[in-house]
1. So the label point goes 7 Å from the Cα of residue B:70 along Cα→C-beta, right? Which residues of the range A:58-94 then have their backbone N under 12 Å from it?
2. Which angle between 0 and 90 degrees, to the nearest 10, do you get for helix B:6-19 versus the longest principal axis of chain B when only C-alpha atoms count?
3. Sort A:61-72, A:4-15 by the packing proxy (mean of other Cβ within 10 Å over each peptide's residues), most packed first.
4. Report, by chain and number, residues whose modeled amide H sits under 5 Å from the one on residue A:5, excluding near sequence neighbours (fewer than 5 apart, same chain).
5. How crowded by other chains is B:95-106, given as the mean number of beta carbons from other chains within 10 Å of each beta carbon?
6. Just checking the output field for B:17-26: average partner chain Cβ neighbours within 10 Å of each residue's Cβ?
7. What is the distance in Å between the Cα centroid of the range A:62-80 and that of the range A:1-29?
8. Looking only at B:43, B:110, B:60, which one moves most when chain B is put into a Gaussian network model with springs between Cα atoms under 10 Å?
Amino acid sequence: MKIHIPTPLRTYTGGKETVEVAGATVATTLEQLALDFPALRNHLFTPEGKLRSFVNVYLNDDDVRYLPSKEETVAGANDELTIIPSIAGGCCCL
Amino acid sequence: MIRISEADFAALRAHGEETYPHECCGVLLGKNQPGVGNHVHLIVPAGNTRTDSAHNRYNIAPQELVRIQRQARGLGFDIVGFYHSHPDHPAQWSQTDFAEAHWMGCSYLITSVEKGKAVTTNSFLLTGTSEEDKAFQNEQVEVESPAVEVAMNERGEA
């Protein structure tokens, strides 16, 4: 399926903004992505193998974290994954 | 260096005045020119989801970011940066800004808004390759007048 890569991570996909990766679920697709582009792994996953907290993954228009099966959600060839790091901040401490 | 049109620059500063005393936020679409810097072609205002503390925090909903990234792709642009305001605080990045910054290579524009009036706008380029070595670097903001933009378009430099 297609995976859309955000600007800062394209350094690790040879500049490609969209890559094609095979996988049966969101989790296996992301794992295959990290196998195809090994330099991406550290940017997507913690050393324990969990998706980093600031990395949002959308299956089509749905945040994977809020899907009933989360990363184990089945995904087909016509689905699209979007990786989007969070953007937040603020002017001073609380 | 980040290049932005006079109109977009004025619009993002006006956004900070509109949302005062709350922080505004938005996304900068354009292209990175290697060796030169980020060139903004379009700004996209976004909503601040931090309604619990909007005077000193901002967050763009991931769903909105996905939509904006899709919009950028359709236009042939990339997300090259973000902007937000600091109501009654300097236009300098805070520890919160730094901790929450994850888009290496992107520009973070911050506008100080004092008593409802936009005062200073600074830009900080997020450098580094990972969370461990990232850093904010001051970057020059080049505001292009319409005449300059036309000339650059004609020379194919835009």
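Every number here is computed from the coordinates shown, using simple stated rules; none is lab data. Please read these numbers as outputs of a predicted model, since none were measured by experiment. Cβ coordinates were reconstructed from backbone atoms using ideal geometry, including for glycine residues, and neighbour counts include every protein chain displayed.
1. Flagged as within label range: A:58-63, A:80-82.
2. Value to nearest ten degrees: 10.
3. My ranking of the peptides, most packed first, is A:4-15, A:61-72.
4. Placed amide hydrogens put A:18, A:19 under 5 Å from residue A:5.
5. Average neighbour count from other chains, rounded to a whole number: 6.
6. 1
7. 15 Å
8. B:60
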